[in-house]
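Beneath this line is the structure, given in structure tokens, with notes to follow.
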Amino acid sequence: MTFKPVDKKLLAEIEVACGRGIFRPSSHRYAEEPRGRWMGNVGAVAAPRNALEASKILKICSDSCVPVIPYGGGTGLVGGQVGENLQAPLILSAERLTSIKDIFPEENVIVCEAGCTLEDIHEQAKKINRLFPLSLASKGSAKIGGNLATNAGGIGVLRYGNARDLCLGIEVAFPNGEMWSDLRRLRKDNSGYDVKSLLIGSEGTLGFVTAASLRLAPVPKSQATALLFVNSPKDALHILNIAQDFAAEGLSAFELLSGQGFSFIQETMPNVQLPFSKTPDWAILIHLGFGSARNAENSMIELYEKICGVTLAYDGVLAKSQKESEALWELREKIPEANRKIGAIGSHDISLPLSNISTFIDRAQSELSKIGQFRINCFGHLGDGNLHFNIFPEAGKTKDQYASQRDVIETLVHDLTTGLDGSFSAEHGIGRSKVKDLIKYSSPVKLNLMRKLKDLFDPNGIMNPGVILK
């Protein structure tokens, strides 16, 4: 497909269809992404005020073969929000779609537009003593439309599921000018194909999400957090089994942290005080949440005693207040920030069957040692099998000095992951960075079906070209 750049004729046509004020000033933020790996171009920025305007814009662009880059909060980590190698694409921004359309406390449902940030939704849920379980470090800027487009995960997947599991209904604009609004708040609906679930996770390649109906959850009456020190990921997995048997659904988060991550925080944020004097090789961050019938703090103490009784943990920090609990989670959220300051040679968002995780870590470390000397920060959502396996240069060196090894390292990690029945893309999506991996590791049958779906929804290929499929 040969695309055309945004021109004055297209802009005038969009303005006639949607009215004055539809465009926003262009800026560098629409052409950048957090890790600085991709730089795109911006022809113009359109910010629709509703799904109808979005559908009109998409139809005009499709008829003119002008590429469209859907834009939420710009927090994606695989380049899906950047129009790389496109001369002058139209950026379709959700920044004006910021309304909370309705809240149904008795149903545990909130209906909101795609430009609401995660933090906005958390605050609205809090007002009615409810919880929106999707939680990410970028909650202040990540938009729910982008979270749905990437089927975002985060720390609460163990108990509540991914973004797809939290979405009851969706409103989407399509490139043929049609708009589909199904914001019904149904937990059971077997009336045909599940189109909603297909669109969630499609990364803006099939349509543009404008609103959604989302599941809320009761706020646990009693909560507790602990940071426990362990000798190995294998021991951490044993603790996970014990914790699940002990707390059942009360176990809402179970994170694996490496000592290297804590060291990076010390190196890049010297003013941050760590809650221990000696950095552990490995740690787990556990969160329990129960109804009023069970005391989480007492349960955490009992769980800690069980774990220590079988010598799986050797020390730890049990939060004694909400403030201390928040401090432990803030420490967890500082790890990606510290990673960015150090500068990774390669960042890998992978998932594995739980029983294969310790094997993967051992093999990956062994194979990488044959290539060179690296610092490895392996951390992530152990409870759902999602690891962030990130490779960094030796102290005193920069990632640029390892540029020739980056592809070799990525291939090693992804080959090992898929060889152990894992996925090379757990929660960040495919974007632009993993298109070749999708072709390499996916079934030809799956790829053929995906291409047919792309052609059906977007016959002119204007929606986020270069993302997922080429």
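Points to keep in mind about this one:
- Links that overshoot a 21 Å alpha carbon limit, given the list LYS139/LYS399; LYS234/LYS334; LYS436/LYS470; LYS370/LYS399; LYS143/LYS446; LYS434/LYS470: LYS139/LYS399; LYS234/LYS334; LYS143/LYS446
- Derived value for the range 343-428: Kirkwood hydrodynamic radius 12.9 Å. Basis is the mean of 1/r over every pair of different alpha-carbon atoms.
- When the chain is described by a simple charge dipole with +1 on each Lys and Arg Cβ and -1 on each Asp and Glu Cβ, the residue from ALA226, GLY76, PHE3 located farthest towards its positive end is PHE3.
- Taking only Cα atoms of the range 127-273, radius of gyration then Dmax in Å: 19.1, 57
- Anisotropy class of the range 220-333 from Cα gyration tensor, a/c 1.5 cut: oblate
- Kirkwood estimate for the chain, i.e. one over the average of 1/r between Cα atoms, Å: 23.4
- Estimated from the Cβ-Cβ distance and a Förster radius of 25 angstrom, the FRET efficiency linking GLU324 and ALA293 is about 0.55.
- Chymotrypsin sites (Phe, Trp or Tyr not before Pro) within the range 1-55, DSSP loop, no more than 10 other Cβ atoms inside 10 Å: none
- Structure-based [θ]222 nm, the chain - -39500 (n - 2.57) summed over DSSP H runs of at least 4, per residue, nearest 500: -10500 deg cm²/dmol
- Percentage relative contact order, the range 220-333, counting C-alpha pairs under 8 Å, at least six apart: 47
- Trypsin sites (Lys or Arg not before Pro) within the range 244-330: DSSP coil, no more than 14 neighbouring Cβ in 10 Å: LYS278, LYS320
- Radius of gyration and maximum dimension Dmax of the range 232-295, Cα, Å: 14.6, 43
- Sites matching chymotrypsin sites (Phe, Trp or Tyr not before Pro) across the range 366-470 that sit in DSSP coil, with at most 12 neighbouring C-beta atoms within 10 Å: none
Values in this text are rule-based calculations from the coordinates and carry no lab data. Please read these numbers as outputs of a predicted model, since none were measured by experiment. FYI the Cβ positions are ideal-geometry reconstructions off the backbone, even for glycines, and counts take in every protein chain you see.
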